[in-house]
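None of the figures in this text is laboratory data; all of them are computed from the coordinates on show. Quick caveat, the model's predicted, so the values are computed rather than measured. A quick note on method: Cβ atoms are made from the backbone with ideal geometry, for glycine too, and the neighbour counts reach across all protein chains shown.
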Amino acid sequence: MYLSSESTGRALNNKNAVKRGLVAGLATLALIAGGGCGKTQEPAPPGRQPYANLGLRPNTPGFLQGTVMERVEVGNTGQMAVTSFGLAVNLRYPGDTRAPVPVREWMIKEMYRLGFGRATGFSDLRRLQPEQVLQDKRVAVVMVGAYVPPGARVGQRTDVVVQALPGSDTASLAGATLYQCELRLLGANALNPGGSVNAHIAARGPVFINPAFALEVPTPGAGGGGGENRTGSRVGTILGGGVCTTDRPIHLRLRTPQWNVAKVVEQIINERFQTVADKPRANGQGMCVAEAQDEGYINLYVPAKYQKNWEHFVAVVNHLYLTVNPAAAAMKARELVAEAKKPEALLADISYALEGLGTVAIPYIGELLTHPSPDVAFAAAKAGTYLGDAASEIALGRMAQTAGHPFRVDAIQVLGDVPPSPAVARAVSPCLDADDAQVRIAAYKVLSQIDDARIPNPVMSRKIHDSFILDVIETTGKPMVYATRVGEPRIAVFGSRSQIRLPITFSAFDTRLTITQDARKPQLLSVFYRGEEMQEPVAALSRPLIVELAARLGGGSDDKFRFSYGEIVAMLQTMADTGKVASSFVLQDIPGLEEQFGDIADASSGRSVGEAQPATPQPATGLAGTSPMAPPPGQVVNLTNAPRPNGNAPAAGGRPN
């Protein structure tokens with residue numbers, strides 16, 4: 001509702017008071033900002049060049065003036081590639097351990113450091129000397145790479161790329177498991193392997209290769225290296241196989257460098273998001289969300305609840321107002337609500353700004369929840385739901401359950417970002433029966449993360465031999481199988497009675513694996529495998545249910561089958577493509593990390609292995625639409641030219657994918 005002339009006059013007086021309060025607030029906060037988590041006084045290294053004064057951000061909309069956005073550029077959100085050489089073992093087909101001399105010597109030293117030659121277990125490869133391990137035909141020397149996520153925190157998981165060495169005879173990484181290795185800046189440099197001193201990611205785990213190649217039997221000696229063979233079965237990912245070992249802050253560069261302003265921005269952010277207490281410093285003080293480095297830079301650490309959506313966190317930070325007076329915040333909420341009703345309103349910015357104000361904005365959001373424009377209603381409901389408003393959560397639930405609603409999937413995703421509750425489960429569960437596969441998958445992702453027995457949940461999960469999670473979804477919708485390609489390895493079967501069609505004849509790995517209708521018990525499947533790694537063939541009977549067969553093949557029974565997650569996904573996809581299962585099959589529809597990462601050798605050297613040279617750092621970028629900025633002195637960012645989707649915080653109008 002628009003303000004009357006009388007209330008407008010009061011608002012103008014309040015605005016003048018706000019301006020006076022802001023000036024006083026800046027001075028007051030500068031005085032009290034000596035405490036907290038950042039530095040207590042401005043450092044002044046001798047001879048350091050001062051930061052450029054860019055002035056306040058030009059062309060800032062009136063309702064965003066006085067925000068953090070007006071005063072900062074956001075940086076260190078681009079690619080940060082870390083790499084290494086590693087050891088892939090248990091390959092299904094012969095590997096190749098040949099490598100340039102510096103790489104081989106470094107690998108042997110690393111293997112000794114990791115305990116090779118000292119283990120006592122009979123079946124443990126580490127009982128052998130490194131030189132003996134490198135003679136094993138099921139072992140390969142590989143290159144390993146990953147991106148350190150923007151705002152990464154210690155312990156956060158990320159995906160890892162594994163790639164056969166160019167020129168090697170490793171034709172396939174099928175079945176491979178990567179021994180633990182540490183990824184560093186410029187680590188996969190053939191002339192100087194190992195890279196920088198600090199390790200940023202510890203990587204290990206089973207390699208997932210493209211299902212289109214996972215069941216192929218490679219031609220001996222077909223590795224051959226070369227760019228044309230980089231893809232296919234010679235490169236794969238370890239889903240969630242990287243663990244961050246250092247924090248990577250996001251940088252806020254002040255457009256008007258000034259120590260007291262940096263401290264004000266630091267305190268405003270910390271007051272909104274509170275102290276992050278999960279990593280105490282040596283002096284006993286907790287690490288805060290924001291820490292002023294000097295008069296030009298503030299380090300921003302992403303709280304754990306935002307690690308899967310750092311763009312959202314940065315966007316809210318950018319839309320925080322430097323005036324924190326409750327009366328001023330209420331007036332600003334009314335102004336934002338009025339702004340949202342205007343044609344062509346910047347709804348994404350308004351939604352973030354309302355969320356940044358905190359719970360004081362909730363009473364004013366309500367009138368937008370029933371707005372005839374779905375864009376306006378969603379922007380309001382999104383902000384209110386993140387603020388814990390029950391009415392906004394109900395509104396999002398209605399959007400999630402409305403077929404054809406333009407923000408149906410977005411509403412489900414937002415409900416998945418808030419703390420799980422029976423209300424969220426009730427709102428999302430009906431979406432599992434939708435006709436739209438993307439709606440069903442979005443609902444499944446939300447419900448699969450609920451790990452609370454007190455919340456009714458139609459998704460039942462089971463860990464299969466420490467390899468992957470098998471989810472069974474009770475649904476009245478059409479049978480469907482969904483498999484992930486990034487993050488946690490999961491196979492989701494929509495419909496516990498989803499069948500494999502009989503009769504069936506299926507084979508893989510050059511007929512070493514066969515799945516047929518049993519001759520004596522035609523209602524069952526006969527599964528037979530005679531792999532070279534097995535001392536004797538393995539045979540079992542299984543009901544023709546997708547859930548039971550997937551669990552059995554992955555090691556979820558006593559039958560001694562131990563196929564990898566990637567191989568099982570490939571089998572199910574092949575069966576679906578050939579009509580052997582009565583379900584559709586959906587593989588997570590995003591680019592594989594190996595395509596995003598590009599060539600690992602290029603990330604470390606700028607050239608192929610054997611021609612290594614340091615990569616040239618590139619400047620990080622801020623939010624969409626802002627100008628580039630240089631990193632702080634000594635900070636390295638953007639180490640490769642490979643494209644990275646969503647490298648910056650989202651532009652107005654959309655939620656990052």
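Report the full-extension gain for the segment ALA338 to GLU474: residue separation times 0.36 nm, less the Cα-Cα distance, to one decimal in nm. Can you show the working numbers first?
Numbers: separation 136, 0.36 × 136 = 48.96 nm, distance 4.41 nm.
Taking ALA338 through GLU474 to full extension adds about 44.6 nm, to one decimal.
Based on alpha-carbon centroids, what's the gap between segment 232-260 and segment 66-108 in Å, whole number please?
12 Å
Compute and list, largest first, the equivalent-ellipsoid semi-axes of segment 380-497 from the alpha carbon gyration tensor, each √(5λ) rounded to a whole angstrom. Write down the numbers at each step before the final one.
Values: eigenvalues 115, 50, 30 Å².
Equivalent-ellipsoid dimensions as semi-axes: 24, 16, 12 Å.
With a 10 Å radius around each residue's Cβ, average the other Cβ atoms per peptide and rank 582-589, 369-376, highest first.
On the way: 582-589: 16.2, 369-376: 14.6.
Highest-to-lowest ranking by the protection proxy: 582-589, 369-376.
Relative to the present Cα-Cα distance, how much length would full extension add between LYS560 and ASP435 at 0.36 nm per residue of separation?
Contour length minus the Cα-Cα distance gives 41.2 nm.
Going 7 Å from the Cα of ILE455 along its beta-carbon direction, which residues of segment 292-333 have the amide nitrogen within less than 14 Å of the resulting point?
Output list for this probe position: empty.
How high is the FRET efficiency from GLN180 to ASP518, r the C-beta distance, R0 41 Å, rounded to 0.05?
Working: r = 42 Å, r/R0 = 1.02.
So, using R0 = 41 Å, E works out to roughly 0.45.
What distance in nm lies between label points placed 7 Å from Cα along the C-beta direction at GLU536 and ALA212?
4.1 nm
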